[in-house]
Amino acid sequence: MAEYQTLKHTFGPLYDRDSRLLILGSFPSVKSREAGFFYGHPQNRFWKVIAALTSSDVPTTIDEKKRLLHSSHIALWDTIWQCDIIGSSDSSIRNVIPTDLSQILKEADIRQIFCNGATSARLFKRYQEPVLGRSAIRLPSTSPANAACSVERLIREWEPVRTVLSGGQT
């Protein structure tokens with residue numbers, strides 16, 4: 001049986017001063033920790049969804065992913081800086097130390113914050129919302145654990161991201 005590990009985030013946020021929206025995951029999966037970058041599990045649909053919403057090709061390398069995010073003005077980070085976790089299981093997360101989002105919000109003109117999945121949204125509401133005075137929109141998780149959601153459905157439900165990217169309000 002797998003055991004809890006106390007882990008810290010091993011890579012930093014991705015953003016620049018031109019970032020306009022922030023997408024927060026919960027905590028990197030085992031595959032993402034191995035890759036040293038966001039959404040590293042090959043079955044995670046995040047990159048397919050973002051590519052569809054930005055009318056781009058699905059990126060395959062970390063450099064392609066970074067270029068897509070920067071050119072689309074999308075910032076990425078996670079709600080958790082450190083936690084106890086078993087493998088990649090969000091449901092096992094305990095003893096959370098949240099990330100400090102103030103630097104991103106100070107340096108970039110973030111117009112909307114989105115949470116990729118229920119765990120990210122719940123932790124943002126608990127830890128970051130009271131400190132920041134800002135709310136986030138919960139989107140369905142792109143994780144392979146959320147098998148009930150097809151890629152097509154995810155793209156439809158992530159439409160508020162496209163709205164913000166095109167200058168609209170959610």
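If you roll a 1.4 Å probe over the chain with all protein chains in place, what percent of the accessible area is carbon or sulfur?
Result for the chain: 48 percent of the exposed heavy-atom area is carbon or sulfur.
When the convex hull of the Cα atoms of the range 72-170 is projected onto a plane and the area is averaged over all directions, what value comes out in nm²?
6.9
Tell me the mean residue ellipticity at 222 nm calculated for the chain from its helices only (DSSP H runs of n ≥ 4, each -39500 (n - 2.57), averaged over every residue, nearest 500).
Value at 222 nm, helices only, nearest 500: -8000 deg cm²/dmol.
Using 1/(1 + (r/R0)^6) with R0 = 35 angstrom and r between the beta carbons of SER102 and ALA35, what's the FRET efficiency to the nearest 0.05?
Step by step, r from the Cβ atoms, then E = 0.85.
Which shape class, rounded, prolate or oblate, goes with the range 121-170 when its Cα gyration tensor gives a ≥ b ≥ c as root eigenvalues, a/c under 1.5 marks rounded, and past that a/b bigger than b/c marks prolate?
Judged from the Cα gyration tensor, the range 121-170 comes out oblate (a/c at least 1.5, b/c at or above a/b).
What accessible area, in Å² to the nearest ten, does a 1.4 Å probe give for SER72?
Only protein atoms counted, so the area is about 20 Å².
Please compute the net charge surrounding PRO59, taking Lys and Arg as +1 and Asp and Glu as -1 over other residues with Cβ under 12 Å from its Cβ.
Net local charge, PRO59 excluded: +1.
Please enumerate, by chain and number, the lysines with C-alpha under 27 Å from the C-alpha of LYS65, excluding those fewer than 8 residues away in the same chain.
In chain and number order, the partners are LYS8, LYS31, LYS48, LYS106.
Between the range 129-170 and the range 82-125, how many Å separate their Cα centres?
So the two Cα centres are separated by 14 Å.
What is the spin-label model distance, in nm, from ASN146 to LYS66 if the labels are put 7 Å beyond Cα along the C-beta direction?
Here the answer is 2.6 nm between the modelled labels.
Quick one: Debye curve from the alpha-carbon atoms of the range 20-128 only, equal weights, vacuum; give me log10 I(q)/I(0) at q = 0.10, 0.12, 0.21 Å⁻¹ to two decimals.
-0.28, -0.41, -1.25
Can you check what the net charge comes to around GLU157, using other residues whose Cβ is under 12 Å from the Cβ of GLU157 (Lys, Arg +1; Asp, Glu -1)?
Computed value for this residue: +3.
Magnitude of the Cβ-charge dipole of the range 38-170, K/R +1 and D/E -1, about the Cα centre, nearest 20 debye?
So the magnitude is around 260 debye.
For the range 61-170, report the accessible area per residue in Å² (1.4 Å probe, heavy atoms, rounded to an integer).
51
The values are calculated or read from the model by the stated rules, or taken from the named source; none is laboratory data. Predicted model only: the values in this text are computed from it and were never measured. When we count neighbours, we look across all protein chains shown, and the Cβ atoms used for this are built from the backbone with ideal geometry, even at glycine. Surface accessibility is based on the protein's heavy atoms, side chains included, excluding ligands, DNA and RNA. Shrake-Rupley method; radii C 1.70, N 1.55, O 1.52, S 1.80 Å.
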